[in-house]
Amino acid sequence: MKAIKIVRPGGPEVLKTIEVNEPRSAPGDLLVTVKATALNRADILQRMGRYPPPLGTDPDIPGLEFSGIVEQINPACGDFRPGDRVMGLLPGEGYAEKVSTPCYLAMPIPKHLSFEEAAAIPEVFLTAYDAVDLQLGMKRGETLLIHAVGSGVGTAALQLARVKGIRTIGTSSSDIKLNKAKELGLDLGINHLSEDLSEVLRGEIVDAILDLVGAIHWNANLTCLKACGRMVVVGLVGGRHVELDLGLLLRKRIKLIGTVLRSRTVKEKIGLIREFRENVLPLFEQERLKPIVDCVYDLEQAPAAHHYMEENRNFGKIVLKVGTGR
Ligand SMILES: NC(=O)c1ccc[n+]([C@@H]2O[C@H](COP(=O)([O-])OP(=O)(O)OC[C@H]3O[C@@H](n4cnc5c(N)ncnc54)[C@H](OP(=O)(O)O)[C@@H]3O)[C@@H](O)[C@H]2O)c1
């Protein structure tokens, strides 16, 4: 089968389309013919040799999610049958024509969605649901600050927050992305390049923060959180080192949480997916949530797709179509 391989650590040009063996299916796995996959920031780090995947996963084939058709079940498992349309999370190896996945990590694709739309769901909506609902425990009427609101995870979190009746403030370096976010329901957008974030967010105005960026907004984060505020750190594209006044954490009784999806055990991921299927998938069926696809490249164009992401041009997800994508 065809797959994209990282031939050595480096820029987008190190991604090459080559022939590799089909994945081996373990008992309880689904073998899936992939129709689409999607990019995540982790793929870029992995390509640079800075984010090795969990043990047992080929470090040279990136790809954390897929949508496709069940080809084989090994042995009969869960509620899936050959021919079913499925999507799901992977620890890696998603940039390929076939993937093998424990069946309890797969989810049915809502009927009205294409494979390309479905591939834009698993990683960012699971991350956002976990962060907004399970880690931050957001409640109706609260205010949530989302850094990089136009990112894949940001656009998912924004929609989940809107459905729950949460007020949202979002940051971006792009007015165009902020305007698109407003069309998705964002209440207040702040361009952190043209506005002084600490100034605009002065006063204790937010109940919680979904931080997809890291160090650069640290001081503004601590000042804008209300007493007993919560903050979950999910991404570090804006740096990882900060100076922390522990006294402020104490005084304001701030809860600071860090989280990551990829390195969780299969058991932990199965628990999350069970909850997601129950609480979030129906919202896609009811069209109250939608995958945000910025653009679609062919699998072989993975280098161009990586380049596009590294230039921060996407609003929502960058999808890779595999084969005909149908
Ligand atoms: N912990 C986990 O399990 C997990 C899972 C998925 C993703 N993540 C993390 O969540 C974040 C979002 O992921 P994604 O795939 O949704 O990303 P994405 O769609 O590629 O968006 C990332 C956005 O971050 C902003 N950004 C980039 N570099 C920046 C910098 N130096 N300073 C400030 N902002 C910067 C840009 O937004 P603007 O153009 O709007 O400024 C960029 O478009 C990433 O940090 C990723 O690593 C973590």
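Pairs to check: Lys98/Lys177; Lys177/Lys226; Lys5/Lys255. Give those whose C-alpha atoms are more than 29 Å from each other in this structure.
Lys98/Lys177; Lys5/Lys255
Label points 7 Å out from Cα along the Cβ direction at Asp79 and Ala304: separation in nm?
Between Asp79 and Ala304, the simple spin-label model gives 4.0 nm.
Taking only the C-alpha atoms, wrap a convex hull around the stretch 110-202 and report its volume per residue in Å³ as a whole number.
Convex hull volume per residue, Cα atoms: 104 Å³.
Cβ neighbours within 10 Å, averaged per peptide: list 162-171, 314-323 in order, most packed at the top.
Listed from highest to lowest mean packing, they are 314-323, 162-171.
Taking θ = phi - 60°, what integer Hz values does the Karplus form 6.51 cos²θ - 1.76 cosθ + 1.60 yield along the stretch 232-238, in sequence order, with x for Gly and Pro?
In residue order, the calculated couplings are 10, 9, 10, x, 10, 4, x Hz.
If you put +1 on each Lys and Arg Cβ and -1 on each Asp and Glu Cβ, how big is the dipole of the chain around its Cα centre, in Debye rounded to 20?
600 debye
Compute the angle between helix 152-163 and the longest alpha-carbon principal axis of the chain, please, reported from 0 to 90 degrees and rounded to the nearest 10.
Tilt of helix 152-163: around 70 degrees.
Which listed residue (Pro62, Val237, Cys295) has the Cα farthest towards the positive end of the charge dipole for the chain, taking +1 on Lys and Arg C-beta and -1 on Asp and Glu C-beta about the Cα centre?
Among Pro62, Val237, Cys295, the one farthest towards the positive end of the dipole of the chain is Val237.
Only Cα pairs under 8 Å and at least 6 apart count here; give the relative contact order of the stretch 34-161 as a rounded whole percent.
It comes to 23 percent, rounded to a whole number.
State the cysteines of the chain left without a partner when partners are defined as other cysteines whose beta carbon lies under 4.7 Å away.
Lone cysteines by the Cβ rule: Cys224, Cys228, Cys295.
Given Cβ point charges of +1 (Lys, Arg) and -1 (Asp, Glu) and nothing else, what value in debye, to the nearest 20, does the dipole of the stretch 112-189 about its Cα centre take?
Rounded to the nearest 20 debye, it is 320 debye.
Take every Cα pair under 8 Å in the chain that's 6+ residues apart, average their separations, divide by the length, and report that relative contact order as a whole percent.
About 19 percent, as a whole number.
List, in the order given, every pair from Lys35/Lys267; Lys35/Lys290; Lys180/Lys252 whose Cα-Cα distance in the structure shown is over 24 Å.
The answer is Lys35/Lys267; Lys180/Lys252.
Taking a ≥ b ≥ c as the square roots of the Cα gyration tensor eigenvalues, with a/c under 1.5 meaning rounded and otherwise prolate when a/b beats b/c, else oblate, which class fits the stretch 1-160?
Oblate, since a/c reaches 1.5 and b/c is not below a/b.
I want to check the label-to-label distance for Thr223 and Ser263. Put each point 7 Å from Cα in the C-beta direction and report it in nm to one decimal.
3.3 nm
Per-residue ellipticity at 222 nm for the chain, helices alone: DSSP H runs ≥ 4 residues times -39500 (n - 2.57), over residue total, nearest 500 deg cm²/dmol?
Mean residue ellipticity, 222 nm, calculated: -7000 deg cm²/dmol.
log10 I(q)/I(0), Debye, Cα-only the chain, no solvent, q = 0.16 Å⁻¹?
With one equal scatterer per Cα and no solvent, log10 I(q)/I(0) is -1.35.
List the residues, sorted by chain then number, that are 5 or more residues from Leu30 or on another chain and whose placed amide H is less than 5 Å from its amide H.
It is Thr101, Cys103, by chain and number.
Subtracting the Cα-Cα distance from 0.36 nm times the residue separation, let me have the gained length for Arg240 to Thr17 in nm, one decimal.
Stretched fully, the Arg240-Thr17 segment lengthens by 77.0 nm.
Tell me the relative contact order for the stretch 168-326 as a rounded percent, counting alpha carbon contacts under 8 Å between residues six or more apart.
13 percent
Residues in the stretch 155-179 near a label at Arg288, defined as backbone nitrogen under 17 Å from the 7 Å Cα→Cβ point?
So the set is 156-168.
Read-outs throughout are calculated quantities, based only on the coordinates presented, and are distinct from any laboratory measurement. Computed from a prediction, not measured in an experiment: that's the story for all the values here. Using ideal geometry, Cβ is built from the backbone for each residue, glycine included, and neighbour counts are taken over all protein chains shown.
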